[in-house]
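The next block holds one structure in the form of structure tokens; read it before the comments.
The values are calculated or read from the model by the stated rules, or taken from the named source; none is laboratory data. The shown structure was predicted, so the numbers you read here are calculated from the model rather than taken from an experiment. Here the Cβ positions follow ideal geometry from the backbone for every residue, glycine too, while neighbour counts run over all protein chains shown. Quick note on the areas: whole protein, heavy atoms, side chains included, nothing else; ligands and nucleic acids left out. Shrake-Rupley method; radii C 1.70, N 1.55, O 1.52, S 1.80 Å.
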Amino acid sequence: LNAYFAYGVCVARAMSYDLALTTVLMQGIVFALLTLCGASNFIQRVMPHNLKHAITVGIGLFQAFIGFRMTGLVVPNTETLVTLG
């Protein structure tokens with residue numbers, strides 16, 4: 001989620017970094033509260049294993065895509081959204 005805020009919110013939506021970092025701080029506080037009250041364990045127990053794996057893969061692909069964009073391996077394209085750079 002932090003990568004989403006750094007890339008998707010600050011860059012794509014032109015939000016200031018201090019506001020985005022404040023949002024990340026609030027996210028951390030919410031997650032800490034969920035952990036302290038035991039809600040995170042409940043969510044992990046009821047979530048199917050395939051969904052857990054799919055989320056992990058999706059996050060990894062998102063991070064790889066950001067790396068590919070930053071290194072110039074892929075560039076924007078109007079017809080296919082991205083193409084090899």
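Taking residue 69 as the residue in question, decide whether it is loosely packed, with under 10 Cβ neighbours inside 10 Å and part of a helix (DSSP H, G or I). No. For the range 1-51, the candidate set comprises residues that are modelled with pLDDT under 85 and of a type in the set (Phe, Trp, Tyr); within that set, the residue that is most open to solvent (accessible area, probe 1.4 Å) is 17. Looking only at the range 72-85, residues that are in a strand (DSSP E or B) and either out of contact with any Gly (no Cβ under 7 Å at 6 or more places or on another chain) or among the hydroxyl-bearing types (Ser, Thr, Tyr) (or both) come to 6 in all.
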